[in-house]
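Since every read-out is calculated from the coordinates, none of them should be taken as a lab result. Quick caveat, the model's predicted, so the values are computed rather than measured. In this analysis, Cβ positions are derived from the backbone assuming ideal geometry, glycine residues included, and neighbour counts consider all displayed protein chains.
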Amino acid sequence: MIHPLLLFCLKTLVSSFPPPKSLVSHFHCSMRTPMLQFSSSASAIGSPARVQKLIASQPDPLLAYEIFDLASRQPNFTPSYSSFHSLILKLGRHRQFSLMEKLISKLKSEGRPVTPGLFSDVITIYGDSGMPDQSVKTFFKMLEFQCKPVAKHFNALILVLVEHNRVQVAYSLFKDLEKFGISANTETFNILMKAFCFYDKLSIAYKLFNQMFKQGLVPDVESYRILMQGLCRKSQVKTALNFFDDMMNKGFVPDALSYNTLLNSLCRKKKLREAYKMLCRMKVKGCNPDILHYNTVITGFVREGRASDACKVLEEMPSNGCLPNSLSYRTLVDGLCKEGKLVEAKHYLGEMICKGFMPHTSSLHFLVVRICGGGKIDEACEMVKAAGNIGMAPHAKTWELVMQRIFDVDEVRIEAILREVVKREFNFV
């Protein structure tokens, strides 16, 4: 019996045409592939554009193939190239590779002109399916079709190879580009440089960077950033800064990621003065610092026991159009607590709670311990209560400490505190 969905699709094809004398002259049923024989009237199945639309809208790749096959076998009907392209991609994305390759061979046997974009898509499909070797074969098949690939089609191939750890294969093909009649572009070099930097082969990446100039290409911001990231991973921050200055001198405006790469490396190398100066001049150089840049510098100061300097950075943020977030406050409060700066820690903890940000339970506990130690029980209770108002569950030891101190000075208040705990349904952590 014919597949009901196929029958529906066939009805859709003929719905806008007057029925011929014999629309269906023969049904041949089989367990494998239902087959229909149409009358010789090509108009009975609609135009090639209509068939292509039906194939594109059909979610089942095998059913779409049957529609294409049935339509192709009708006299005087020639499927459009768009139908081939659409079906090839649909089959490939559903891992029906044998049928996909069969259609590609059909294009060749019929002498159809084929666009390089089709092969570029198939290369990517094989890559997404974990079949990089097939991607390479597809690239060479493109040359057999007398297609004229350009850099973007070659880039699709080397991107697949790099993603599957075939960097040397990609590099070998790159060296033979002239044989293929392809001229590399900046993206070609960027893909390879990024791969070699990832595998700590900075000398090859640097060689590729210089080769761009020899080929009359101009590196872009990404080219510089890729090398700076590679240098920073190898702790060569000074060289990375030289690249940064060279980029600026050539008129490039560094992007946010380039700045963050350098800021993070400077902070890790404890060059906090340089990191802060770079943060300050970002806006002047055409790149407004965002929350990631500020938090990187705040974390750098706190890590080196300079929480007071981190406070200054946080205070400058609003005037530069960037508001501190939960991480900004948490990092700062934790740092102040570790340095024993109680007054400042209390101030910023209160500020973050007022803004609805939750502090670390360890920071809250530290402050409660210090406040209780100073005999300010009411202040400690208010701090715990404020944390509860934003849904924070203080540590069990924090509650134990507060209640013990209250019990020491005012036994009657314990019952009220316990009612508050039950009322808010706190989960002790």
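The string of couplings for segment 118-129 from the Karplus curve (6.51, -1.76, 1.60, θ = phi - 60°) is 4, 5, 4, 5, 5, 4, 5, 4, 5, x, 5, 8 Hz, one whole number per residue in order, with x for Gly and Pro.
Ranked from highest to lowest mean number of other Cβ atoms within 10 Å per residue, what is the order of the peptides 292-299, 323-330, 160-167? Display every interim value, and only then the final one.
Details: 292-299: 22.0, 323-330: 18.1, 160-167: 19.6.
My ranking of the peptides, most packed first, is 292-299, 160-167, 323-330.
3J(HN,Hα) couplings calculated from phi for segment 380-385 with the Karplus curve 6.51 cos²θ - 1.76 cosθ + 1.60 (θ = phi - 60°) are, in sequence order, 5, 4, 5, 5, 5, 5 Hz; Gly and Pro show x. Backbone N atoms of segment 315-335 closer than 15 Å to the 7 Å Cα→Cβ label point of Arg303 belong to residues 331-332, 335.
Could I have the simple spin-label model distance between Lys234 and Lys250, label points 7 Å from Cα toward Cβ, reported in nm to one decimal? Once both label points are built, they end up 1.8 nm from each other.
Phi-derived couplings, Karplus 6.51 cos²θ - 1.76 cosθ + 1.60 at θ = phi - 60°, listed residue by residue for segment 84-94: 4, 4, 4, 6, 4, 5, 5, 5, x, 5, 9 Hz, with x used for Gly and Pro.
Given the Cα-Cα distance of Gln146 and Asp200 and 0.36 nm per residue of separation, how much length would full extension add, in nm?
Working: separation 54, 0.36 × 54 = 19.44 nm, distance 3.81 nm.
Stretched out fully, the Gln146 to Asp200 stretch lengthens by 15.6 nm.
So for each of 305-312, 131-138 I average, over its residues, the number of other beta carbons within 10 Å; can you give me the resulting order with the highest mean first?
Working: 305-312: 17.5, 131-138: 19.1.
Descending packing order for the listed peptides: 131-138, 305-312.
With the simple model of a label 7 Å out from the Cα in the direction of the Cβ, Asn320 to Arg112 spans 5.7 nm. If the segment from Arg93 to Leu217 were pulled out straight at 0.36 nm per residue, it would be longer than the present Cα-Cα gap by 41.1 nm.
Full extension of the segment from Ser183 to Ala386, taken as 0.36 nm per residue of separation minus the current Cα-Cα distance, would add 66.6 nm.
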